[in-house]
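**Q** Take a look at the following structure, please.
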Amino acid sequence: MSEDPAERRAHPRIAKEIVAECAPQSGGVVARMMTRNLSLGGLFCTSAAHFPEMTQVAIRLMLPVKQSGNGETEALEVDAVVVRSEPLPDSPTSGEPRYELGLFFTNLSDTGREQLQRYLS
């Protein structure tokens, strides 16, 4: 019997929908994404752009500032690697392709970890 992937996770996933921007580290188009869940180890999102598995990417998360209450955000930049990339049915409104992406953070700094932990708590 195979192990449940959730059992292997070092960090719990929290359902959060926030805007993220992603670009291959080798250069290329910046894609806007919407996270579906987030943890200190990575994120799961939907994207109109396709990134093959094992692609190294630069991510910018626009984290809402909880204390402000006025829609203010702060950027968190982190490198990641695509560990899952699966096509979804095309968007019902635009007809554009969509993908589910799983991203693993590869260099979350101590400051970035604290920033993300504040948001997730």
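FYI, it's all coordinate maths here, none of it is from the lab. Keep in mind that this is a model prediction, so the values were computed, not measured. Here Cβ is always computed from backbone atoms with ideal geometry, including for glycine, and neighbour counts include all displayed protein chains.
**Q** In deg cm²/dmol and to the nearest 500, what is the mean residue ellipticity at 222 nm of the chain if only DSSP H runs of at least 4 residues count, each as -39500 (n - 2.57), divided by the residue total?
**A** Estimated from H runs of four or more residues: -3000 deg cm²/dmol.
**Q** Ordered by packing density, taken as the mean number of other Cβ atoms within 10 Å over each peptide's residues, highest first, how do 106-115, 80-89 rank?
**A** Result, highest mean Cβ count within 10 Å first: 80-89, 106-115.
**Q** Given Cα positions, please report Rg to Rh for the chain, the hydrodynamic radius being the Kirkwood one.
**A** 0.97
**Q** Also, I was wondering about something else. If you average 1/r over all unlike Cα pairs in region 70-111 and invert the result, what Kirkwood radius do you get in angstrom?
**A** About 13.1 Å for region 70-111.
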